[in-house]
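The structure appears below as structure tokens.
Bear in mind these aren't lab numbers, they're just calculated from the coordinates by the rules spelled out. If you're wondering where the values come from, they're calculated on a predicted model, not measured in any experiment. Note that each Cβ is placed from the backbone with ideal geometry, even for glycine, and that neighbours are counted across all protein chains shown.
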Amino acid sequence: MMAFFYYIQSLNHTCARVVALLTATLILGACAYQRPTNLNPPRLQYDGPAMQVADVDVLALSPEMEDFLERYILIYSDKHTRLTLLMNAASGNGMLGFNYDDAFTLTAAEAFEARAGNCIGFANMMIALSRAAGLEARYQEVFKQPEWSSRNDTVLLVKHINVILESAGYTYVMDVSGLRIRPSVRRRLIDDNYAKALYLNNIGVESLIENDLPTAYAYMSKAIETEPLLADSWVNLGVVLGRNEQLDDAATALQNALGIDNYEYSAMSNLYEIYLTQENFAAAAELEEKVERYRQKNPYYLLQLSEEALLEARFEESMELLERAIKKKDNDHQLYFAMAKTQYLSGEIEAAQDSLLRARELAPESMLTHYHRPLDELIAEQAGENLPE
């Protein structure tokens, strides 16, 4: 069975905070989860030198940031004026000209220099600047509906964080994503250590995507050291250990994640896969219903099911699954290419060409040359063999 790994980004709009799952000995139902008592990560079995992660102050000001504050913000004594100027500077057309880029998790100083980054970088930058300007600024986590993306055959679960500023009895929200968040959506303030752990977790995710397990392990462990009760880092540590074939240790890490948050469905999902790998079918059965209900919300899980149906020439079922996946996420070229492939193989050639056109429209620039090849050639290449005449 192929395990599903979910990365969770944490900060404004598609920011990453990995949550990859793998763990064992988790029983749902009559047995209650116990708060973890041992928060020391299992060791990575690795012959090379141990990777060390130096401590980092994600909110440290650079000389350029200090100069910006002196020139444009601190010359005004009124705090509300300072807040307004900072908010305007960080807006789309403002002096800082910050560009959202989910590929970069940065410290405050790095984000200021780049004028870009994901939500973690943006939040770090704005909180550092705001506090240096004498303002009250805090991180906020927003619990919106699950949103998934995919990179290098790895599924990422997207979460959301923004910045809360307070002045003169008013509360302001700064959010680089531009997302409209309903007032009813649950949210909570998080402290600096928690946010720093999210930063470290994100850096570890990047290494995990590249399958650099020692580096990923080092960053996940540092995140856990920084904030032991961040479930995401335990989940992703479980993924690292699972990919290193340390299934029992991966199970321990995931059990810790579930001890912290027994609704951590990503942990359940990876734990379920571990049980199946270990042929512990009774334990897997305890999780199956909850895991399946959770996975049905994930467009990439539906994509996987559609591929399985396609292999057995169940074309109608494959297309129905892809329609559901696209309804959940209508801006991913991979889903439209899968639809084009299924339609082509089922004989719906014209519809297949329309789906391929949509895949081209959504594809990154690096993929355009690839997608402008004939559809039958693309399908044959993906299958690893030539199509029959």
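The figures follow:
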read-out: Proxy reagent accessibility, fewest Cβ within 10 Å first, across 329, 290, 159; value: 290, 329, 159
read-out: Prolate/oblate/rounded label for the range 299-383 (Cα gyration tensor, a/c 1.5); value: oblate
read-out: Estimated vicinal HN-Hα couplings, Hz - the range 186-195 in sequence order (Karplus 6.51, -1.76, 1.60; Gly, Pro = x); value: 5, 8, 8, 7, 10, 7, 5, 5, 4, 5
read-out: Chymotrypsin sites (Phe, Trp or Tyr not before Pro) within the range 233-274, DSSP loop, no more than 16 other Cβ atoms inside 10 Å; value: 263
read-out: Estimated FRET transfer efficiency when R0 is 41 angstrom, pair residue 316-residue 285 (beta carbons, to 0.05); value: 0.90
read-out: Relative exposure of 43, 82, 131, judged by other C-beta atoms within 10 Å (fewest first); value: 43, 131, 82
read-out: Inter-label distance for residue 382 and residue 370, nm, one decimal - labels placed 7 Å from Cα along Cα-to-Cβ; value: 1.1
read-out: Calculated FRET value between residue 43 and residue 181, using beta carbons and R₀ = 35 Å, to 0.05; value: 0.30
read-out: Exceeding the 29 Å Cα-Cα cut-off - candidates 297/341; 196/328; 159/327; 290/329; 79/196; 79/159; value: 196/328; 79/159
read-out: Euclidean distance between Cα centres, the range 269-293 to the range 97-129, Å; value: 39
read-out: Dimensions (Å) - the range 232-389, Cα atoms, principal axes, largest first; value: 51, 32, 29
read-out: Gain on full stretching of the segment that runs from residue 324 to residue 193 - 0.36 nm per residue minus C-alpha separation; value: 43.3 nm
